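Q: Supplied in structure tokens, the structure appears directly below.
FYI, it's all coordinate maths here, none of it is from the lab. Being a predicted model, the structure only gives us computed values, none of them experimental. Counting neighbours? That spans all protein chains shown, and the Cβs are built from the backbone with ideal geometry, glycine included.
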Amino acid sequence: MSKLPVSKLPVRPFASRFTPVLVITMLLAGQPSDAQSAGSDKTVAILTPFQQSVTTNLMIDSLQMQAKGRGWKTTVVDTKGDVGQLASRMEDVISSKVSAIVIVSTDPNQLKTQIASAGAARIPVFGLDSGYISGMAMNATSDNTAMGKTISSFLFKAMNGKGNLVVLTYRPHPGVLKRTQALDAALKAYPGIKVITEQQVQVPGPIENSRKQMENILLANPGKGAITAVWTGWDEPAIGVTQALQASGRRDILVTGIDGNSQAVDLIQKGSALRATLRQNFPQMATLVVQQIDRVFKGQPVSATELFAPATLVTRKP
């Protein structure tokens, strides 16, 4: 497996076999006690429209447990896919005078007014697998452009540089957008690969939605070779696509994802159509955010406005 470059900020590697609880326990073991950590009376509000996502929920759980280890209170707001409601709920938590806000898996450009309001109220706003805009303290994520390049390169080589490609993505998410833009750029060097359709996956419910989308795409492209591969912006659509391919008996189509969630990795190792993913270190992203919140609570500047956790390419073991 090959590793992507990471930021200059030192990060602690974790073996992929660790469960989230074990990872978090190891992280907390090296953290300062409540007495040592700044602001034991602090409250951190965590907002997301996508808590139903496996990876988003993992990040929130990690963030909450690490915050608890530092003596901070947390409150979680999930708007179940409604970004408009997220803006309203963010105004509510600003009014409640929380100590800090973390937006998870969402585009801060859709919250510009609220981020400005938080700044006026002297409430720092942090991103966790989101994006960064002026007015925020910082954002922690993976290098999404690098991941997009890596997974696209893997897929194009598996396609022998030619064929018909289906793209299932979700450009409103800032991280997925960068991955998809990396795909767009990579395609320019492969004139033999044709994108026959790009479709946006519905969120929540990306597995079920992408399965239905793929079923319809298969009906519209029934011939052998009509579809060579499917590039998906993250693992849940890749899982739905793989399920559709298994149900249809189509064994001639390749699939890739990004995230490294356990169901996707299991499908890869079983030799399904899903051939590769990139395992992101979501607990480490939460750790980076917690570390920067602690710095701000202590009156220190953030280390950087954008920090990256490492990601690792996962393919089938020989």
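Q: Any chance you could give the angle, 0 to 90 degrees and rounded to 10, that helix 206-220 forms with the longest Cα principal axis of the chain?
A: Helix 206-220 and the main axis of the chain meet at about 20 degrees.
Q: Return the long-range amide H neighbours of residue 163 (sequence gap of 5 or more, or a different chain), with a cut-off of under 5 Å between placed amide H atoms.
A: 193, 194
Q: On C-alpha positions alone, give me the angle between the axis of helix 144-158 and the longest principal axis of the chain, in degrees, nearest 10.
A: 20 degrees
Q: Follow-up. For the Cα atoms of the chain, what angle does the longest principal axis make with the long axis of helix 174-187, in degrees from 0 to 90, nearest 10?
A: For helix 174-187, the angle is close to 30 degrees.
Q: Separate question: Can you work out ³J(HN,Hα) from phi for every residue in region 240-253, in order, using Karplus 6.51 cos²θ - 1.76 cosθ + 1.60 and θ = phi - 60°, giving whole Hz and x for Gly and Pro?
A: After applying 6.51 cos²θ - 1.76 cosθ + 1.60, I find x, 4, 4, 4, 5, 5, 5, 5, 8, x, 7, 10, 9, 10 Hz.
Q: Using a 7 Å offset from the Cα along the Cα-to-Cβ direction at both residue 190 and residue 246, what is the distance between the two label points in nm, to one decimal?
A: Between residue 190 and residue 246, the label points sit 2.5 nm apart.
Q: Right, something else. Can you spot the aspartates and glutamates whose alpha carbon is less than 16 Å from residue 194's alpha carbon? Ignore those fewer than 8 places along the same chain.
A: Those aspartates and glutamates meeting the cut-off are 184.
Q: By a straight-distance test (C-alpha under 19 Å), which lysines pair with residue 178 as possible cross-link partners, with residues fewer than eight away in the same chain excluded?
A: 3, 149, 188
Q: Still on this structure, I have one more. Extending each Cα 7 Å along its Cβ direction at residue 181 and residue 160, get the distance between those two points in nm, one decimal.
A: Inter-label distance under the simple model: 3.4 nm.
Q: Quick one: which residues, 5+ away or cross-chain, put their amide H under 5 Å from the amide H of residue 253? H built at 1.01 Å from N.
A: When sequence neighbours closer than 5 places are left aside, there are no close amide H contacts.
Q: Simple spin-label model, 7 Å along Cα-to-Cβ: residue 134 to residue 85 in nm?
A: Label at residue 134, label at residue 85, 3.3 nm between them.
Q: Straight-line reach from residue 270: which aspartates and glutamates have a Cα under 19 Å away, not including same-chain ones fewer than 8 places off?
A: Correct list for residue 270: 235, 236, 252, 259.
Q: From the phi angles alone, apply the Karplus equation (6.51, -1.76, 1.60; θ = phi - 60°) to region 114-123 and give each ³J(HN,Hα) in whole Hz, x where the residue is Gly or Pro.
A: My calculation for region 114-123 gives 5, 5, 5, 5, 5, x, 5, 8, 6, 10 Hz in order.
Q: Just rank 190, 170, fewest to most, by other beta-carbon atoms within 10 angstrom.
A: 190, 170
Q: Pulled fully out, how much extra length does the chain show between residue 54 and residue 41, if you take 0.36 nm times their separation in residues and subtract their Cα-Cα distance? Display every interim value, and only then the final one.
A: Values: separation 13, 0.36 × 13 = 4.68 nm, distance 2.99 nm.
Contour length minus the Cα-Cα distance gives 1.7 nm.
Q: Which of 223, 71, 260 moves the most in a Gaussian network model of the chain with Cα springs under 10 Å?
A: Between 223, 71, 260, it is 223 that shows the largest mean-square fluctuation.
Q: Here are several values of P(r) over Cα pairs in 20 Å bins from 0, in percent: (1) 33, 54, 13, 0; (2) 33, 58, 9, 0; (3) 32, 51, 17, 1. Which one was derived from the coordinates shown?
A: Computing P(r) over Cα pairs in 20 Å bins from 0, in percent and matching it to (1) 33, 54, 13, 0; (2) 33, 58, 9, 0; (3) 32, 51, 17, 1 gives (1).
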